[in-house]
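The values are calculated or read from the model by the stated rules, or taken from the named source; none is laboratory data. Everything quoted here is computed from the prediction, not taken from an experiment. Ideal geometry is used to build each Cβ from the backbone, glycine not excepted, and the neighbour counts take in all protein chains shown. Quick note on the areas: whole protein, heavy atoms, side chains included, nothing else; ligands and nucleic acids left out. Shrake-Rupley method; radii C 1.70, N 1.55, O 1.52, S 1.80 Å.
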Amino acid sequence: MTTPFLHTYARYPLELVQGEGRRVQDVEGRWYLDAICGIAVNALGHRHPRVQAAIHAQVDRLLHVSNLYHVDVQRRFAQTLTRMYGGGAVFLCNSGTEANESSVKLVRKYHWRRGDPRAEIIVLKDAFHGRTFMALSMTPRARYQEGFGPLAEGIRVAAHEDAAGMVSEKTAAVFVEPIQGEGGCRPVTVLPELREACDAHGALLVYDEIQCGLGRSGELLHEPRPDITSLAKALGGGLPLGATLASPKVAEAFQPGDHGSTFGGNPVACAAGLATLEIILEENLATRCATLGARLRMGLEAAGADVSGQGLMLGARTGMAPTPIIHRMRDRGVLVCPAGGDAVRFLPAFNSTEEEIDDMIAAFAGAWEDARSAPGSSAE
């Protein structure tokens, strides 16, 4: 099919026209259980009535005025977010990769203002931090970086077990996803060692919680606490919204003119985000993610998969390419996506039901069996 788009996406042969709850409908009228959630974006499912109401009310008042002026809904959103994360201050942007770009600038400005300019950034093997230029340079994967060189300098890549030992007085920051999404939903177990090493050498610790944050992992906050946190995806309740959260000691590094975003903190996105945060907190959805995640993990393991991840961010490794399983799960009415290598990724809505989790498990088990039985299967 001819399209007007640059060929940046290998789209699935499916056209979606509407969503309701945890399900989406295609152009032919068939409904699917959505276990991708816009790649971890629709944390409350589709068209949550409270988020919808907040969006409609804000659209009727104010769409955009830029950050030259104060806007009440933006302020209330930022206050709620910083309270969730223990204080500090926030810069609002539009996406996860922008949040990471903001974090890098904040890191470097922090050290510069202290009279100790540092540029070295340490990232972990199999990390994914985004597709803008600095974020891409921090994503050590040939298939993403190929053809875009020369990339930004000063990036060092570490195996998980070696990262703490690489931190030195030259290190500006260590960037780490507490759970690596594109890396197969792999939890990073060396966070305490990284915190200790950063403190010992005056470096900053940055958590990229763009995919695993806001409770998806089953934890509202990942410990030990970092100096900076990058957030996006679920943050806007389905609308584009990113954030760079800075601890009090780091927040003062940014002064007027150091950074900016025309659309960052858009009032409509902030209205959706505020409603989303309030629901996550009021309904204790981080705990629900932990409970539902344990059920999903148990079912996937019972089907024979090697499961990694936490909460409702799980990768099911099958020993074969995930694409045939993903296609067969779609045929069975459940949408999932890959997570690198041989992993099928599950990112269900925080407010999924137990029955919906069981449906995901059943679709996975049946699709995997069909894929293994298919002629020419690599699993034969």
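Take segment 191-285 with all the other protein chains still there, run a 1.4 Å probe, and you get 33 Å² of accessible area per residue. Per-residue Karplus couplings for segment 225-238, computed as 6.51 cos²θ - 1.76 cosθ + 1.60 with θ equal to phi - 60°, are listed in order as 6, x, 8, 9, 10, 9, 10, 5, 6, 5, 4, x, x, x Hz, Gly and Pro entered as x. For segment 128-194, the Stokes-Einstein estimate of translational diffusion at 10 °C and a viscosity of 1.306 mPa s comes to 122 µm²/s, using the Kirkwood hydrodynamic radius over alpha-carbon pairs.
Computed from backbone phi, the HN-Hα couplings of segment 8-13 come to 8, 10, 8, 6, 6, x Hz, rounded to whole numbers (Karplus: 6.51 cos²θ - 1.76 cosθ + 1.60, θ = phi - 60°; Gly and Pro given as x). Kirkwood-type hydrodynamic radius, segment 197-329: 17.3 Å, calculated from all non-identical alpha-carbon pairs. Rg and Dmax over the alpha-carbon atoms of segment 231-277 stand at 12.1, 32 Å. For the chain, the relative contact order comes to 21 percent (Cα pairs under 8 Å, sequence separation of at least 6). The loop-placed chymotrypsin sites (Phe, Trp or Tyr not before Pro) in segment 103-182, going by DSSP, that have at most 11 neighbouring Cβ atoms within 10 Å of their Cβ come out as Phe148.
Note on His56: accessible area approximately 110 square angstrom, rounded to 10, probe 1.4 Å, nucleic acids and ligands left out.
Among the GluC sites (Glu not before Pro) within segment 1-88, those in coil by DSSP and having at most 13 neighbouring Cβ atoms inside 10 Å are Glu15, Glu28. Amide H contacts of Ala158: Val123, Leu124, Lys125, each under 5 Å away and 5 or more positions distant or on a separate chain (H built 1.01 Å from N in the peptide plane; Pro and chain starts excluded).
For the chain, adding -39500 (n - 2.57) for each run of n ≥ 4 DSSP H residues and dividing by the number of residues yields -11000 deg cm²/dmol at 222 nm. Count Lys and Arg as plus one, Asp and Glu as minus one, and take only other residues whose Cβ is under 15 Å from that of Val250; the net charge is then +4.
Rounded to the nearest 20 debye, the dipole size of the chain about its Cα centre is 720 debye, using +1 on the Cβ of Lys and Arg and -1 on the Cβ of Asp and Glu.
Stokes-Einstein, applied to the Kirkwood radius of segment 244-320 over Cα pairs at a viscosity of 1.567 mPa s and 4 °C, places its translational diffusion at 80 µm² s⁻¹. Helix 49-59 and the longest principal axis of the C-alpha atoms of the chain enclose an angle of approximately 50°. With the convex hull drawn over the C-alpha atoms of segment 36-127, the volume per residue is 157 Å³. Whole-percent P(r), segment 1-79, all Cα pairs, 5 Å bins from 0: 3, 11, 15, 16, 15, 15, 13, 9, 3, 0. So, counting K/R as plus one and D/E as minus one, what does the shell of residues with Cβ under 10 Å around Gly19 add up to? In short, +1. Sorting the Cα pairs of segment 59-182 by distance into bins of 10 Å, from 0 upward, gives 11, 34, 33, 17, 5, 0 percent per bin. Remark: segment 174-242 is approximated by an ellipsoid whose semi-axes, taken from the C-alpha gyration tensor as √(5λ), come to 22, 13, 10 Å, largest first. On the accessible surface of the chain, probed at 1.4 Å, how many percent belong to carbon and sulfur atoms? Carbon and sulfur atoms account for 53 percent of the accessible area of the chain.
Spatial offset of segment 207-252 relative to segment 288-316 amounts to 22 Å, using the alpha carbon center of each.
All distinct Cα pairs of segment 133-288 go into the 1/r average, and the inverse of that average, the Kirkwood radius, is 17.2 Å. Given in Å, the Rg to one decimal and the Dmax to the nearest whole number for the Cα atoms of the chain are 20.8, 65.
Both radii were evaluated on the Cα set of segment 286-353; the Rg over Rh quotient, with Rh as the Kirkwood radius, amounts to 0.95. How large is Rg/Rh for segment 314-380, to two decimals, with Cα atoms and a Kirkwood Rh? Looking at segment 314-380, the ratio lands at 0.97.
Normalising the Debye intensity of segment 211-250 to I(0), with uniform scatterers on Cα atoms only, and taking log10 at q = 0.16, 0.26, 0.28 Å⁻¹ returns -0.43, -0.96, -1.03. Backbone geometry of segment 147-153 corresponds, through the Karplus equation with coefficients 6.51, -1.76 and 1.60 at θ = phi - 60°, to 3J(HN,Hα) couplings of x, 10, x, x, 8, 4, 8 Hz, x marking Gly and Pro. Protection proxy ranking, highest mean first, for peptides 153-160, 243-250, 254-261: 243-250, 153-160, 254-261, where packing is the per-residue count of other beta-carbon atoms within 10 Å, averaged.
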